[in-house]
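Written out below as structure tokens is the structure these notes cover.
The values are calculated or read from the model by the stated rules, or taken from the named source; none is laboratory data. Keep in mind that this is a model prediction, so the values were computed, not measured. We place every Cβ from the backbone using ideal geometry, glycine too, and count neighbours over all the protein chains shown.
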């Protein structure tokens, strides 16, 4: 982990941080995670002509990528993805956990109709127990998505949460900025100003 990421994490975890500083730091951290997620997607080679007439051998995204945000906190990551990929399709899933049992229940799911043919960037900033993400992956599988094409983008993860997901779905890719026993579970409330 580099110092830039550590500073952003520190501001997000600081209970005295203003909402403006919190959102600014969260958006920067989201952008870094999204860009690393994009590095995991497949590219194909292509040739373009420069304004001076030279041929340039470059790359472009292969078609068939999408994002899925786990509402509500995952929606905080959507703009970071759109800032990098203007036309990417984004689906949504609403899952809520029972406060006492921590069991997750799906209330809403809306995906691109051809999601089974796409690579999926699953966005959920705070990974505590892993139950919500496990339930989301099950719903994606029900829609024909294979776990090996799912890349989970998360800002913070607990060891237990990451381990739970990997045990259930060993082929999923998890990208996070930190694995720490204490996740900043206040993230969604502070980001959206409902704390």
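Here are the numbers for this structure:
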item: Residues being buried (at least 17 other Cβ atoms within 10 Å of the Cβ), farther than 17 Å from residue 193 by Cβ and in contact with a helix residue (DSSP H, G or I) (Cβ under 8 Å, 6 or more places away or on another chain) - total across region 1-20; result: 2
item: Test: residue 23 is part of a helix (DSSP H, G or I), more than 24 Å from residue 137 (Cβ to Cβ), touching a residue at least 12 places away in the same chain (Cβ under 8 Å) and touching a helix residue (DSSP H, G or I) at 6+ places or on another chain (Cβ under 8 Å); result: yes
item: Selection within region 85-107 - exposed (fewer than 15 other Cβ atoms within 10 Å of the Cβ) and over 18 Å from the mean Cα position of the chain (by Cα); result: 98, 99, 100, 101, 102, 103, 105, 107
item: Residue that is modelled with the lowest pLDDT [pool: residues in region 44-74 that are in a strand (DSSP E or B) and closer than 16 Å to residue 87 by Cα]; result: 61
item: From the options 126, 115, 134, residue that is closer than 25 Å to residue 82 by Cα, in contact with a strand residue (DSSP E or B) (Cβ under 6 Å, 6 or more places away or on another chain), in contact (Cβ under 8 Å) with a residue 12 or more places away in the chain and crowded, with 17+ Cβ neighbours inside 10 Å; result: 126
item: Given (1) in contact (Cβ under 8 Å) with a residue 24 or more places away in the chain; (2) surrounded by 13 or more Cβ atoms within 10 Å (Cβ to Cβ), index of the condition residue 42 fails; result: (2)
item: Region 94-104, subset under 24 Å from residue 33 (Cβ atoms) and touching a helix residue (DSSP H, G or I) at 6+ places or on another chain (Cβ under 7 Å), residue modelled with the lowest pLDDT; result: 97
item: In region 65-84, residue nearest to residue 36 (Cα to Cα) [restricted to those that are surrounded by fewer than 18 Cβ atoms within 10 Å (Cβ to Cβ) and in contact with a helix residue (DSSP H, G or I) (Cβ under 8 Å, 6 or more places away or on another chain)]; result: 84
item: Residue check, residue 176 crowded, with 16+ Cβ neighbours inside 10 Å, under 14 Å from the mean Cα position of the chain (by Cα) and modelled with pLDDT of 95 or more; result: yes
item: Unmet criterion (only one of (1) at pLDDT 95 or above; (2) farther than 16 Å from residue 127 by Cα; (3) over 12 Å from the mean Cα position of the chain (by Cα)) for residue 36; result: (3)
item: Verdict on residue 57 being over 17 Å from residue 133 (Cβ atoms) and in contact with a strand residue (DSSP E or B) (Cβ under 8 Å, 6 or more places away or on another chain); result: yes
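Results for (1) closer than 20 Å to residue 90 by Cβ; (2) in a loop (DSSP other than H, G, I, E, B); (3) in contact with a helix residue (DSSP H, G or I) (Cβ under 6 Å, 6 or more places away or on another chain), shown as yes or no for each residue.
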position: 106; (1), (2), (3): yes, no, yes
position: 139; (1), (2), (3): yes, no, no
position: 148; (1), (2), (3): no, no, no
position: 163; (1), (2), (3): no, no, no
